[in-house]
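Undergrad: Pasting in a structure now, in structure tokens, and then I'll have a few things to ask.
A short reminder: the numbers here are calculations on the coordinates, not readings from a lab. None of the values given here were measured: they were computed from a predicted structure. Don't worry about glycine lacking a Cβ; one is built from the backbone with ideal geometry, like all the others, and counts go over all protein chains shown.
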Amino acid sequence: MLDVLQHPFTVRFDENNQEFSIIGLVRPQTEYDLRDLTEKFRRAVGAVRGTLYVNVKRLVRINNVGFRVLSSLLVSSLEGRSDLRIEVVTSSVVGWSTRKFSVLSQLNPRIAVAEYDNDFYPGQAFVEDDNIIALLRTQTKLTWQHERDILPRHGLRPGMTVADVCCGIGDFAVLLHKQFDPARLVALDHSKPSLSYARKVAADFHIEGIEYVYGDASEMLLEDNQFDFVTCRHSLQIFDKPELILRELFRICKPGGRVYVTNEKVSHCLGEPRGESIQWTYSEVAKLVAHFNHDVEIGPKTRKLMIDTGFGEVKMETFMVTNTDSEPQDFADIIESWRELFAGKMATMRGDDAAFIARLRQGFDDHIYAALHPKGYAGWPIWVASGTKPL
Amino acid sequence: MGAISRMNMMLSKDATVQESGFTNLLSISMGVDVFTADWLYCDRISSYVARMVSHNRTDSLLYSNLLSSALNELLETAFRCNGGVGSMTCRILRRGARDRIELEIPADDAVLAFFAETAAALARSDAADQYRAALFADGPVDPRMGLLELSVDYGADIEIAPIGSSAVLLAADFNLEPEAAHA
């Protein structure tokens, strides 16, 4: 039942970044139990000039014995060192740390406490925009009609313990809950507005049994080896380091369990008529998004990523959301949202000129035209990959 | 949960509604001699119990982490400050967003005196200063520190009351839910 990190703590010192990290659970009986941490910290302080970063983002719990030792170390390390300041980097994910460490700032102004959550991921502002919610709901509606049949092929069965990492607004978790009746379903996301929305929807629809939790997918507090099936959809592509996320998905998956990811290769979006314009726009979208360190071409690369992470029995398949297997207007609405996101917000932020943006918009408009045309065809291909964590 | 199963504890889920309006969610009872045999039991019990009662809170993981931290401080206090023989009982109660932890701890005269002094200290208006002083004091750890922190940082209402002449009730009421929702 334990599902928060329970390992004995570890400490690391990264001299390049002057960062001393404490990870895990620090609940000693006596100060003597922390002699190793104390010695490593003192050595680290001796090697630092300027700012020492004390990273407690993944210090899940600390008792007062431990906090007393750490406080004393931080305060005393500044004595006789006018060149030194300390920045304690906390995370609101663990709940207590910002408040607890703030007492040290009050004692010594050269100790600062910074909560890093607002800077989880580059480009987070794009995915936290409330206007995106409608787009996300429609996307899930269109992909679910494929995925409800695909998921069992990748190992999902009723009664499993399931985690949906990067759950967004939680609508996939709701569908999964209804269709597959998991024994436990944890849905995690780093966006507080999305989670609030997810909880509200669950409450409005009287859906009980989904645990919506706040967290950083690349540094989850969830314990190792907990879930039979872990899903992470359309998300590796919006992280600058997708391998970190995969490593975390691997970690929380039980040996023998499976991790399921979906991603796009956006340049392969297609449509007819006006295929050439559509193709140009989506190729440019891939480059545009790459400018912000996201890889929306990652779909076919996920097989290699999963194998490199250590997964076995990696399965790949693709499916295509089209205007012929869904309401054409729903698909057109999605494309319209993409147009506003990419040709509106992101191209402007990159500093693209008006002519380029107009051409970019035209491709989206042509894709909408293809989707709504009575003889047209518009497609959005998605790559599914899943792998087993070896026993 | 190997460590906990070795403790011979009695765990019961008891949904009794008390006069105070709190519902008893679960109780753990174990010999105080067994409890104090291993410091790690504080951590194991607090983590397990917190998880058991947090699944239906707004953010189960965050809530569990906060509740475990609070419960652990109470258990560590009980570990350090107990006397005589008998059972240590831990109860978790709930009334809406509010949770209450109750510990019944075997106590001799010295322990009863310690808790009476602690109750007086907590009642003073300078609890935050006392907590800070305990944090940076030289010498051994002040056994009141965990309770001071619960009062100052968690806004807990702490009740300390003797149960006859051989036990003491240590209770903390707090509301972690708004914090969980806004974290």
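Undergrad: Within chain A, which is the longest segment containing none of the trypsin sites (Lys or Arg not before Pro) that sit in a DSSP loop and have at most 10 other Cβ atoms within 10 Å? Intermediate results must be reported in sequence, preceding the final value.
TA: Details: sites that count: A:49, A:375.
My reading of the result: A:50-374 is the longest stretch.
Undergrad: Quick check on my link table: of A:265/A:375; A:40/A:304; A:254/A:304; A:178/A:345; A:178/A:200; A:315/A:345, which ones sit more than 27 Å apart, alpha carbon to alpha carbon?
TA: A:40/A:304; A:178/A:345; A:315/A:345
Undergrad: Would you mind checking which residues have amide H under 5 Å from residue A:253's amide H? H placed 1.01 Å from N; only 5 or more apart, or other chain.
TA: Here the answer is A:225, A:226, A:227, since their amide H atoms fall under 5 Å of that of residue A:253.
Undergrad: For chain B, what class follows from the C-alpha gyration tensor (a ≥ b ≥ c being the square roots of its eigenvalues): rounded when a/c is under 1.5, otherwise prolate if a/b is larger than b/c, else oblate?
TA: On the way: a/c = 1.43, a/b = 1.09, b/c = 1.31.
Since a/c stays below 1.5, the shape of chain B is classed as rounded.
Undergrad: By how many degrees, 0 to 90 and rounded to 10, does the Cα axis of helix A:192-204 deviate from the longest principal axis of chain A?
TA: Taking the Cα atoms of chain A, the angle to A:192-204 is about 70 degrees.
Undergrad: Along each of its three principal axes, how wide is the spread of alpha-carbon positions in region B:117-183, in whole angstrom units, largest first?
TA: 42, 33, 21
Undergrad: I've got another one for you. If I fit a long axis through the Cα atoms of helix A:328-338 and take the longest principal axis of the Cα atoms of chain A, what angle between them do I get, 0 to 90°, rounded to 10?
TA: It works out to around 40 degrees.
Undergrad: Roughly how many Å is it from the Cα centre of region B:74-146 to that of region A:221-270, as a whole number?
TA: If you average the Cα positions of each part, the centres end up 44 Å apart.
Undergrad: Give the residue list of chymotrypsin sites (Phe, Trp or Tyr not before Pro) in region A:287-360 that are DSSP loop and have at most 16 other beta-carbon atoms within 10 angstrom.
TA: A:292
Undergrad: Work out from phi, with θ = phi - 60° and the Karplus expression 6.51 cos²θ - 1.76 cosθ + 1.60, the ³J(HN,Hα) of each residue of region B:97-108, listed in order in whole Hz, and give x for Gly and Pro.
TA: 7, 9, 10, 10, 10, 10, 10, 10, 10, x, 9, 9
Undergrad: What are the ³J(HN,Hα) values, in whole Hz, obtained from phi via the Karplus relation 6.51 cos²θ - 1.76 cosθ + 1.60 with θ = phi - 60°, for each residue of region A:230-237 in sequence order, with x given for Gly and Pro?
TA: Values per residue, Gly and Pro as x: 10, 10, 8, 10, 6, 10, 4, 6 Hz.
Undergrad: 222 nm [θ] for chain B, helices only, -39500 (n - 2.57) per DSSP H run of 4+, per residue, to 500?
TA: -13500 deg cm²/dmol
Undergrad: Here's something else I'd like to know. Given the C-alpha atoms of the protein assembly as shown, compute the convex hull and give its volume per residue in Å³.
TA: 163
Undergrad: Next up: Quick check: from the Cα gyration tensor, does region A:59-113 come out rounded (a/c under 1.5), prolate or oblate?
TA: prolate
Undergrad: Additional query: Rounded if a/c is under 1.5, else prolate if a/b beats b/c, else oblate: with a ≥ b ≥ c from the C-alpha gyration tensor eigenvalues square-rooted, which is region A:328-377?
TA: oblate
Undergrad: Roughly what % antiparallel, to the nearest 5, for the DSSP beta bridges in chain A?
TA: Bridges in chain A that DSSP calls antiparallel: roughly 40 percent.
Undergrad: Could you pull out the longest piece of chain B with no exposed loop trypsin sites (Lys or Arg not before Pro) in it, calling a site exposed if DSSP puts it outside H, G, I, E, B and it has at most 15 other Cβ atoms within 10 Å? All intermediate terms of the calculation are to be shown ahead of the outcome.
TA: Values: sites that count: B:6, B:13, B:124.
Result, exposed sites excluded: B:14-123.
Undergrad: Return the loop-located GluC sites (Glu not before Pro) in region A:1-71 (DSSP other than H, G, I, E, B) with at most 11 other Cβ atoms within 10 Å of their own Cβ; answer none if there are none.
TA: A:15
Undergrad: Show me, for region A:165-178, the HN-Hα J-couplings you get by feeding each phi into the Karplus relation (A = 6.51, B = -1.76, C = 1.60, θ = phi - 60°), rounded to Hz, glycine and proline as x.
TA: 8, 6, 6, x, 7, x, 6, 5, 4, 5, 5, 5, 4, 5
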